[in-house]
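Worksheet: one structure, shown below.
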Amino acid sequence: MDPSVDQRRAAIERRHLAWPETTLDQYIRDAANHFGKRDLVVTDAATLSYRDTVEQADLIQAGLQAQGIEPGDRVGIVLANFPVVVPLLFAIWRAGAIAVPINTLNRPDEMAFAVRQSACRLVITMGTYFGRDYLADFDAIEPRWRAGIFTALPDLCGIFVYGVPPEDPYHFDHLIASGSGQALPTQSLAAPHAPAVIMYTSGTTGSPKGVVQTHDNLLRAAYAGAYHQAFEDGRRAIFSLPLYHSFGLVVGLLSGIVVGGAIIPLTRFNAAAMLEAIGRHRATYLMGVPTMTVAMLEQIKLQHYDLSSLTAIHSAAAPTPSWVWRDIQEGFGCREIFTSYGQTETTATIVCTQPGDPIEVVSRTQGTIVLAGVAGIAGQLGRVAEFKTIDPETGEDLPYGAAGELCTRGPMNAQGYFRRPEETAKIMLPGGWLRTGDLGQFLPDGNLLLTGRSKDLYKSRGELISPKEIELVLTSHPAISQAFVVGVPDDQLGECGAAWVVPSGTASLTEAEVIDYLRSRVAVYKLPRDVWFIAAEDLPKTGTGKVQKGRLPELARRQSRVLAEATR
C-alpha cells in the first residue's frame, strides 16, 4: 500500500485520539473552530465556509424553535442539493429534532406517505424546480394548508417554501425571521445516541421504510469513510447524489468534515456539467453510481475536460460492468478508484476497497470490511462491523467463507424502522445481527464478493437461481454495457428469467447472440427465457440513479403481452 495512505490516516487519528461521544451539530461546531473560513459548500451560486454554516444554522434553529419544534420532533425536507440544506440539517440537529429527507422525485402520494408516516411537525420544500410545482403538489395533498388546516397530514403544523418570491408569507426567510430575538441554548438539545435522521429506503424492491439513524451512527460512518479511504486534508468532493440519500449525506458531506473538506453538490446529474465543474472548482474526489460513471466516460470521448485536480473516484451502490473500471482508470487518470457496499440499515458504507487496490480487486469485489480506527470495534481490530452468513431459506448459520445471506453487527447498525416494529423484527436477529437481504461470501483474501439479493432469487425447474451470476457474465460481453436479470412467472416452469440488456454505444445485438454467449458460460437451466433490449435512459431508476429492479418484472410481462398480440 502507498506509504501516503498511512500518513493520511495518521493525520486523521491526530484529530481523533479517542472516540468522542457527541452529536452532529457539536461536531460541526468543533470543525468550524478548527477550520474556520475553509470552504464547506461550493456551488456556482454560493459558497459557505464552516463558520458561515454554523452562523446560518443558528439563525435557522431559532426559527425552528419559534415555530414550536422541540427535541424529538420530525422536520421534513423536500429540497434539491441547494447550499441551504447543509445549515438546515445542522439546525434541526442542534434543536434536538430529527431530519426526514424526502426524495424530490417522489409522486405527491409518496411524499404524503413519508410526511404522514414519520409524523412530521414541519416541512421545508421548494417552490418550482425543473418544471415541477411542489406547491401544487402540497395543495393537492392538503388543500387548506395555507390556512393552517391539516387533515390529511394531521401531525403537520406548517410548511415553509424555499425559492418563492420573498413576499410569499410561507417563504423560508419568514421561518428565519420568526426566530429573531429567540434565545438559543448554549448546548445541543440532542444526545449522541438519539435519532438524527429518518432515512427512507429507496424502494428498489418494495415500498419505502423509514430507517432511524442516530447521531453516533452517522458520525461513526463519516469517520470510517474518511479513515478507510485515507482522505487527504481538505478533500473536495463533487457529486449530484442527493443529500436525502446516505451516499451523498455521509460519504459526501459528513466524511468530508472529518478532514476539513468541501462538497461541490450539483442539483441534478448531467455528465457534461459534472465534468466541467470538476475543473472549475478543482474537485479531487468524484462520487456517483455506475450509470453516472458510464455516462461520463462516454462524454469524455466526445470532448476534452480539465480533470487534472481529480485524484479519486468512488462508484458504488449498484452493480458495475467489469470493463468500466479499466475505462475509469484510463479516462479519468485517477490513482485511487473505490467501490463499496452498504445499505441504509447499516447507515452507510461498511465494506469498501482500499487505496491502491488493483483493478482486478475493484472490478470483482466490494472490498474489505471498513477500517474505522477509534470509531470501530476494539475486538475487531478497529473494523466498523463484523459479518456472518446464513442460509437464506432456513436462517441457519454457515461456516465462515461460505456463500449465503450476509448478516452484520456493529456500531453503524441503525435502530430499525420508524413505527414499523414488525418490519424491524424481520431483519433484527438475536445477538445484535442484522439480516441485510444481500447474498455473498468473503474470499480468502478478506474481500467481499456479492452474488445478489435474496429477494431477487427465483426458482426455475426447482433450482434456485441468482440473477447476479448471470448479470456478471452478460456484462463481460464487449457489446453489453449493463444487464439486469429478474424472475417472471411461467406457466410450465413456475418462474423463468428475463434479461434486460443495455448495448454498449452503437453496438448491435440479437436475442439469439445473447443466449449463445450465455449458453457456453452458465448451466442450461439458468438461461433466461426472454432477452429484452433497452436504452440506459429508459431504465426505471431511483433518485440516486439506482435501477429499480422491482419494476422490471412488470415491464417484462408487458413486453411479452405486446409481442404476443403482435404475432397473433
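With respect to Asp44, determine if the residue is modelled with pLDDT of 95 or more, part of a helix (DSSP H, G or I) and surrounded by fewer than 22 Cβ atoms within 10 Å (Cβ to Cβ).
Numbers: modelled with pLDDT of 95 or more: yes; part of a helix (DSSP H, G or I): no; surrounded by fewer than 22 Cβ atoms within 10 Å (Cβ to Cβ): yes.
No, not satisfied.
Considering only the range 84-91, I want to know if a residue exists there that is small (Gly, Ala, Ser) and either farther than 14 Å from Ser188 by Cβ or not in a helix (DSSP H, G or I) (or both). Steps first, please.
The first filter runs over the range 84-91 and keeps only residues small (Gly, Ala, Ser), leaving 91.
Then drop every residue that is not either farther than 14 Å from Ser188 by Cβ or not in a helix (DSSP H, G or I) (or both), which leaves none.
No, there is no match, as no residue in the range 84-91 is small (Gly, Ala, Ser) and either farther than 14 Å from Ser188 by Cβ or not in a helix (DSSP H, G or I) (or both).
Do any residues in the range 398-421 that are of a type in the set (Val, Ile, Thr) have Cβ atoms under 8 Å from those of residues that are not in a strand (DSSP E or B), where the two are at least six apart or on different chains, and which pairs are they?
Every condition considered, the pairs that remain are Thr408/Thr346; Thr408/Ala385.
Kindly indicate the residue of the range 209-242 that is at pLDDT 95 or above and part of a loop (DSSP other than H, G, I, E, B) and also surrounded by the most Cβ atoms within 10 Å (Cβ to Cβ) among those meeting that condition. Walk me through how you get there before you give the answer.
Restricting attention to the range 209-242, the residues satisfying the condition of being at pLDDT 95 or above are 210-240.
Then keep just the ones that are part of a loop (DSSP other than H, G, I, E, B); that gives 229-235, 240.
Working: Gln229: 28, Ala230: 24, Phe231: 25, Glu232: 19, Asp233: 13, Gly234: 14, Arg235: 22, Ser240: 24.
The selected residue is Gln229.
Just to be sure I understand, how many residues within the range 27-59 are small (Gly, Ala, Ser) and within 12 Å of Val259 (Cα to Cα)?
First, the residues of the range 27-59 that are small (Gly, Ala, Ser): 31-32, 36, 45-46, 49, 57.
When the remaining residues are screened for being within 12 Å of Val259 (Cα to Cα), the result is 31-32.
Total meeting the criteria: 2.
From (1) out of contact with any Lys or Arg (no Cβ under 7 Å at 6 or more places or on another chain); (2) over 23 Å from Ile465 (Cβ atoms); (3) of a type outside the set (A, V, I, L, M); (4) surrounded by 16 or more Cβ atoms within 10 Å (Cβ to Cβ), pick out the condition that doesn't hold for Pro430.
(4)
What single numbered condition from (1) free of Cβ contacts under 8 Å to residues at least 60 places away in the same chain; (2) under 19 Å from Ile176 (Cβ atoms) fails to hold for Ile149?
Answer for Ile149: the failing condition is (2).
Got a sec? Which of Pro192, Pro185 is without any contact (Cβ under 8 Å) to a residue 60 or more places away in the chain and part of a loop (DSSP other than H, G, I, E, B)?
Details: Pro192 fails: without any contact (Cβ under 8 Å) to a residue 60 or more places away in the chain.
Result of the check over Pro192, Pro185: Pro185.
I'd like to check something: does the range 375-392 contain any residue that is hydroxyl-bearing (Ser, Thr, Tyr) and either outside any strand (DSSP E or B) or within 23 Å of the chain's Cα centre (by Cα) (or both)? First the steps, then the outcome.
Kept after step one, since they are hydroxyl-bearing (Ser, Thr, Tyr), are these residues of the range 375-392: 389.
Restricting the remaining residues to those that are either outside any strand (DSSP E or B) or within 23 Å of the chain's Cα centre (by Cα) (or both) gives none.
Within the range 375-392, not a single residue is hydroxyl-bearing (Ser, Thr, Tyr) and either outside any strand (DSSP E or B) or within 23 Å of the chain's Cα centre (by Cα) (or both).
Of all residues in the range 15-28, count the ones that are assigned to a helix (DSSP H, G or I) and within 25 Å of the chain's Cα centre (by Cα). It would help to see each step written out before you state the result.
Keep residues of the range 15-28 that are assigned to a helix (DSSP H, G or I), which gives 15, 24-28.
When the remaining residues are screened for being within 25 Å of the chain's Cα centre (by Cα), the result is 24-28.
Here the count works out to 5.
Residue-by-condition table, conditions (1) more than 30 Å from Ser118 (Cα to Cα); (2) aliphatic (A, V, I, L, M):
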position	(1), (2)
Glu393	yes, no
Ala403	yes, yes
Tyr417	no, no
Glu422	no, no
Ala425	no, yes
Gly440	yes, no
Leu443	yes, yes
Leu457	yes, yes
Ala479	yes, yes
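Answer yes or no as to whether Pro528 is surrounded by 22 or more Cβ atoms within 10 Å (Cβ to Cβ), farther than 30 Å from Tyr200 by Cα, outside the structural domain of Thr104 (by TED's automatic domain parsing) and without any contact (Cβ under 8 Å) to a residue 60 or more places away in the chain.
Details: surrounded by 22 or more Cβ atoms within 10 Å (Cβ to Cβ): yes; farther than 30 Å from Tyr200 by Cα: yes; outside the structural domain of Thr104 (by TED's automatic domain parsing): yes; without any contact (Cβ under 8 Å) to a residue 60 or more places away in the chain: yes.
Spelling it out, Pro528 is indeed surrounded by 22 or more Cβ atoms within 10 Å (Cβ to Cβ), farther than 30 Å from Tyr200 by Cα, outside the structural domain of Thr104 (by TED's automatic domain parsing) and without any contact (Cβ under 8 Å) to a residue 60 or more places away in the chain.
Could you list all residues from the range 120-154 that are surrounded by 19 or more Cβ atoms within 10 Å (Cβ to Cβ), within 28 Å of the chain's Cα centre (by Cα) and assigned to a loop (DSSP other than H, G, I, E, B)?
Across the range 120-154, the qualifying residue is only Leu153.
Of all residues in the range 271-291, how many are at pLDDT below 95 and assigned to a loop (DSSP other than H, G, I, E, B)?
In the first step, residues of the range 271-291 are kept if they are at pLDDT below 95; the result is 288-291.
Among the residues that remain, those that are also assigned to a loop (DSSP other than H, G, I, E, B) are: 289.
Adding up the residues that qualify gives 1.
Every residue in the range 342-396 that is farther than 26 Å from Ala196 by Cβ and hydrophobic (A, V, I, L, M, F, W, C), please.
Listed by number, the residues that qualify are Ile359, Val361, Val362, Leu381, Ile390.
The values are calculated or read from the model by the stated rules, or taken from the named source; none is laboratory data. The structure displayed is predicted, hence computed values, not measured ones. For neighbour counting, all protein chains shown are included, and Cβ atoms are generated from backbone atoms with ideal geometry for every residue, glycine included.
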